[in-house]
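The values are calculated or read from the model by the stated rules, or taken from the named source; none is laboratory data. Just so it is clear, the model here is predicted, and its values are computed rather than measured. Here Cβ is always computed from backbone atoms with ideal geometry, including for glycine, and neighbour counts include all displayed protein chains. Accessible surface is based on the protein model in full, side chains and every heavy atom, while ligands, DNA and RNA are left aside. Shrake-Rupley method; radii C 1.70, N 1.55, O 1.52, S 1.80 Å.
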Amino acid sequence: MNLLKPNQLKKGDKVATISLSWGGAGDKEILWRYQQGKVRLETVFGLEVVEMEHTLKGTDFIYAHPEKRAEDLMNAFKDPSIKGIIACIGGIESIRMLPYIDFEVIRQNPKIFVGYSDSTTTHMICMKAGISSIYGPTLLVDFAENVEMHDYTVEHLKRTLFTNLPVGEINPAPEWTSEHLPWIIENKNTSRSYSSNRGYELLQGEGTVQGPLLGGCLEVFDALRGTPLFPELEEFDGAILFLETSEDKPPAWFMECALRTYGIMGILDRINGMIWGKPMDETHYEDYKKVIKKVLAEFGHENLPVLTNLNFGHTEPKICLPYGAMAEINCESQSFSILESAVR
């Protein structure tokens, strides 16, 4: 997997916000939250924020016009003044943009793209175009966090996007939350409740393994099978596969079936290890671990290194995972590191 890294961000750089799936950022009842996230990009990171033409057109327009979403994405990549692209939020159907994507535009204009959940689709678009993108925070969730952004999220954004040094060891977040407070302005100054984090858990494996990062949100990643966006088998060679589950909290049988299919496809024979994000509310936490071990054993991979309970995906705070970057699972220390920079 040889992906071109985007250039690092600097204070004063212009970044674009974009609605690629759900268009809620432009709905009047939560526009305050969009503005709050925008201000954080400006004040915490020193960036200049611009909206693409259709970013704030609202849920109905964004749903009805996947071609306009794709147009915004293409224009953001083509605009030389824009140095990074931040997804406003995920959703469930950004795949509808695919007929309108110009992969050559992305290939010729590599730049930072950040998002998670349904942004998995856009990450696979970037990967097909040959550039690395960042599985990480979105504007409406993380940048617009009530009261203030979590220091852990801020630290990892700065370590990943604003320096071309190796990202290094990723320590577990000291605390975590999945608490849902309705996005109403009355909650603007109410902090969510956090719980102590138990740290990473070594599910199986020994020694140390390395490989380029590849993965996303399990439900979205799995739904891309059979489309031109799903990675070719050889792209899994030696990879560390990262997966996490959404706020829909899919049952353990869904994960079991998906992993079994990856086994039949030969994917599990090719990867060097797996990391899993903490499930939302820790729902199905133990059941997920059981099916991961069960399916890996079915395919003779009882010793494949698997580290669980990492801080990416649908819980906060979050790390950033750059696609294609060399990463390491150390089973002896139960640690995870990204051995190279995410940007150049």
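If you roll a 1.4 angstrom probe over the protein chains with everything in place, what fraction of the accessible area of segment 215-344 belongs to carbon and sulfur, to the nearest %?
On the way: 2190 of 4330 Å².
The nonpolar share, carbon plus sulfur, comes to 51 percent.
Could you tell me the relative contact order of the chain? Use alpha-carbon pairs under 8 Å, at least six residues apart, and round to a whole percent.
Over the chain, the number comes to 21 percent.
Measure off 7 Å from each Cα along the Cα-to-Cβ vector at residue 227 and residue 180, then give the distance between these two points in nanometres to one decimal.
My value for the distance between the label points is 2.4 nm.
Of 333, 229, 305, which is farthest towards the positive pole of the chain's charge dipole, taken about the Cα centre with +1 and -1 on the beta-carbons of Lys, Arg and Asp, Glu respectively?
Positive-end residue among those listed: 229.
Which listed residue (246, 74, 209) has the Cα farthest towards the positive end of the charge dipole for the chain, taking +1 on Lys and Arg C-beta and -1 on Asp and Glu C-beta about the Cα centre?
Going by the charge dipole, the pick is 74.
Would you work out the relative contact order for segment 145-225, in percent, from Cα pairs under 8 angstrom that are 6 or more residues apart?
30
Given a 10 angstrom Cα cut-off, can you work out which residue in 153, 190, 138 is the most mobile in a GNM of the chain?
Largest GNM mean-square fluctuation: 190.
Between segment 15-59 and segment 229-259, what is the C-alpha centre distance in whole Å?
One Cα centre to the other: 29 Å.
Output the Kirkwood hydrodynamic radius of segment 8-140, Cα pairs only, in Å rounded to one decimal.
About 14.4 Å, per the Kirkwood formula over Cα pairs.
Under the 0.36 nm per residue contour assumption, what length would be gained going from the current alpha-carbon distance of residue 334 and residue 298 to full extension?
10.5 nm
Starting from the 7 Å offset along Cα-to-Cβ, what nm value, one decimal, do you get for the label separation of residue 28 and residue 247?
2.3
Is there a quick way to get the dipole size of the chain? I mean about its Cα centre, with the Cβ of Lys and Arg at +1 and of Asp and Glu at -1; what is the value in debye to the nearest 20?
Computed charge dipole of the chain: roughly 720 debye.
If each residue of separation counts as 0.36 nm, what is the full-extension length gain between residue 50 and residue 64 once their alpha-carbon separation is subtracted? It would help to have the intermediate numbers written out before the result.
On the way: separation 14, 0.36 × 14 = 5.04 nm, distance 2.27 nm.
Here the segment from residue 50 to residue 64 would lengthen by 2.8 nm.
List the GluC sites (Glu not before Pro) within segment 159-249 that fall in a DSSP loop (any state other than H, G, I, E or B) and whose Cβ has at most 11 other Cβ atoms within 10 Å. Walk me through the intermediate numbers first.
On the way: sites: 169, 175, 179, 186, 201, 206, 219, 232, 234, 235, 244, 247; in loops: 179, 206, 232, 247.
When the GluC sites (Glu not before Pro) of segment 159-249 are filtered for loop state and at most 11 Cβ neighbours within 10 Å, 206, 232 remain.
Once phi is turned into θ = phi - 60°, what whole-Hz ³J(HN,Hα) does the Karplus curve with 6.51, -1.76 and 1.60 give for every residue of segment 285-294, x standing for Gly and Pro?
3, 6, 5, 4, 4, 4, 6, 4, 5, 4
From the residues 124, 32, 6, which one has its Cα farthest along the dipole of segment 1-124 in the positive direction, the dipole being from +1 and -1 charges on Cβ of Lys/Arg and Asp/Glu about the Cα centre?
Result: 6, furthest along the dipole toward the positive end.
Build a GNM of the chain with springs between Cα atoms under 10 Å: which of 221, 230, 143 gets the top mean-square fluctuation?
Sorting by GNM fluctuation, first place goes to 230.
About its Cα centre, what dipole magnitude does segment 226-344 give when the only charges are +1 on Lys and Arg Cβ and -1 on Asp and Glu Cβ, stated in debye to the nearest 20?
80
Mean-square fluctuation check for the chain, GNM, Cα pairs under 10 Å: which of 118, 79, 281 is largest?
Looking only at 118, 79, 281, the biggest GNM fluctuation is shown by 79.
Leaving ligands, DNA and RNA out of it, rank 256, 148 by accessible area with a 1.4 Å probe, largest first.
Reading off the accessible areas and sorting them downward yields 148, 256.
Per residue, what accessible area does segment 214-335 have, given a 1.4 Å probe and all protein chains present, in Å²?
I get 33 Å² per residue for this part.
Report relative contact order for segment 23-80 in percent, whole number only (criteria: Cα-Cα under 8 Å, sequence separation at least 6).
39
Heavy atoms of the protein only, probe of 1.4 Å, neighbouring chains included. What is the accessible area of residue 287 in Å², nearest 10?
Result for residue 287: roughly 70 Å² accessible.
Let's see if you can work this out: charge +1 on each Lys and Arg Cβ, -1 on each Asp and Glu Cβ, no other charges. What is the dipole magnitude of segment 84-134 about its Cα centre, in debye to the nearest 20?
Taking the Cα centre of segment 84-134 as origin, the dipole is about 120 debye.
222 nm [θ] for the chain, helices only, -39500 (n - 2.57) per DSSP H run of 4+, per residue, to 500?
Using -39500 (n - 2.57) per qualifying helix, the result is -8000 deg cm²/dmol.
To the nearest 10 degrees, how steeply does helix 252-265 sit against the main Cα axis of the chain, on a 0 to 90 scale?
70
Assuming R0 = 35 Å, can you tell me the calculated FRET efficiency for the pair residue 147 and residue 96, based on Cβ-Cβ distance, to the nearest 0.05?
0.50
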